[in-house]
Amino acid sequence: MTMKQIKSLHAIEILDSRGRPTVMTRCELSDGSIGKASVPSGASTGTSEAVELRDGDPTRYGGLGCLQAVENVNTIIQAAVTAQPIADQQALDDLLIALDGTPNKGKLGANAILSVSLAFARACAVTEQVELYQWFGQLADVTPRLPKPMINLFSGGKHAGQQVSIQDVQIAFPKAATMNETFAAMYSVYYTAAKQAQAQHGVRLLTADEGGLAPPFTSSEEMLAAAVAAIEAAGMVAGEDACLTVDAAATHFYQSGQDYALDGNTISATDLIALYAEWVGRYHIISLEDGLFEDAWAEWQTLAARLGTAAMTLGDDLLCTNPQRIQKAIDTGAANSLLLKVNQIGTLSEALHALKLARSAGWQVVVSARSGETEDNWLADLATGWAADYIKVGSITQSERLAKYNRLLELEALSV
Ligand code: PGA
Ligand code: ZN
């Protein structure tokens, strides 16, 4: 690519799907090309994630304001990136990392930095007159391909007021040949599950943070059984037409030592691993994310060995899209698939490094949204451009989720 001159950056504070502030940046290049990007925000975050800079002023958004992050883009970052031409995405990201100077982007804020990294990529795609997914594909030297969605059906844990410990149950449709087929099938499962929740729990269709249903299940296992029941009542064969993918987010029900508080009962890591292995068979689970505490490296190894090829051992909080942690998991066999969330690491180039590392070990990759999202749809282009195996965005309700799904439908219509 030819050198790019950034003419200006302009960040503002906008709101995410929980009504919390986040950062949107507009990047204009000297040829007039403009790219805008908004950053998402997690609730069930890993300790090793890059730092979201929040104002901490309790009188404004409970301390969650992003005015300082916005200011950092508009002053320090803008001055640095407009001072010279930028060779490519890597050069911009290196500059941003050096400017911050901390290992976790705590000075300028990963929210500030990522908004610039992504807005620049969008502006470059405009200059180069290609679709964003094509641009991402070029950056990664990957042939774009549509990912398969893992679509949220039920939530518990931090996404739904902790009525059960397991955080998210998603549905994947291995046989669906198209996005259209996938969403039509999910519609049947979702509304069948909603009817069943009404009949069994007397609850209306009220939704969790990612738009999934959150009936007052009495246990995590009841939630898994209800998902399989909804698949079958919708006329599909569980394990063939539709499978479960589960995000336990176990860091958030880990107690201490090696114990977990699963639905209020203390269970050892050993017993939890054995239980997961049973669940995988019984409930047609093809992927288990964050089955264990984020730093329980030895137990993760046991879990991955136990699940083998029956289900993906998928690392989210464990890996935090961090190349060092991914390398450690590769070396020790602690996981065999990567959940990739760009804002966990803070720049596009570092996320790309994470992708390459995972692929070099033969891992599967799931590109994921956060529970706090915006209507920005860059994630659909990223998952497609980087040829992720899966994309995890949330439910088929709520427009911040649909922005991504509708973009996937558009990309399918463009014959990607
Ligand atoms: P978060 O959760 O965006 O709230 O961190 C999503 C996930 O755990 O995968
Ligand atoms: Zn997760």
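The values are calculated or read from the model by the stated rules, or taken from the named source; none is laboratory data. Please read these numbers as outputs of a predicted model, since none were measured by experiment. Positions of Cβ are backbone-derived with ideal geometry, glycine not excepted, and every protein chain shown enters the neighbour counts.
Here Ala354 meets the list (1) over 26 Å from Ala184 (Cβ atoms); (2) away from ligand 2 (no atom under 16 Å from the Cβ) almost entirely, failing just condition (2).
Taken over the stretch 99-120, the criterion of being closer than 18 Å to Asn322 by Cβ and in a helix (DSSP H, G or I) is satisfied by Asp100, Ala110, Asn111, Ile113, Leu114, Ser117. Considering the stretch 146-201, and only residues there that are within 16 Å of ligand 2 (Cβ to nearest atom) and assigned to a helix (DSSP H, G or I), the residue that is nearest to Leu262 (Cα to Cα) turns out to be Gly157.
One line per residue, one yes/no per condition, for (1) of a type in the set (S, T, N, Q); (2) within 23 Å of Lys341 (Cβ to Cβ):
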residue	(1), (2)
Gly46	no, yes
Gln84	yes, no
Gln89	yes, yes
Lys105	no, yes
Ala112	no, yes
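Within the set Thr374, Thr397, Thr384, the sole residue that is of a type in the set (S, T, N, Q) and within 16 Å of Leu340 (Cβ to Cβ) turns out to be Thr384.
A single entry from Ala160, Ala172, Ala197 fulfils the requirement of being small (Gly, Ala, Ser) and either exposed (fewer than 15 other Cβ atoms within 10 Å of the Cβ) or at pLDDT 95 or above (or both): Ala172. Only one of the listed residues (Ile77, Ile97) is closer than 21 Å to Gln5 by Cβ, buried (at least 18 other Cβ atoms within 10 Å of the Cβ), in the same structural domain as Ile12 (by TED's automatic domain parsing) and touching a Leu at 6+ places or on another chain (Cβ under 9 Å). That residue is Ile77.
Among the candidates Tyr260, Tyr276, the residue that is in a helix (DSSP H, G or I) and within 16 Å of ligand 2 (Cβ to nearest atom) is uniquely Tyr276.
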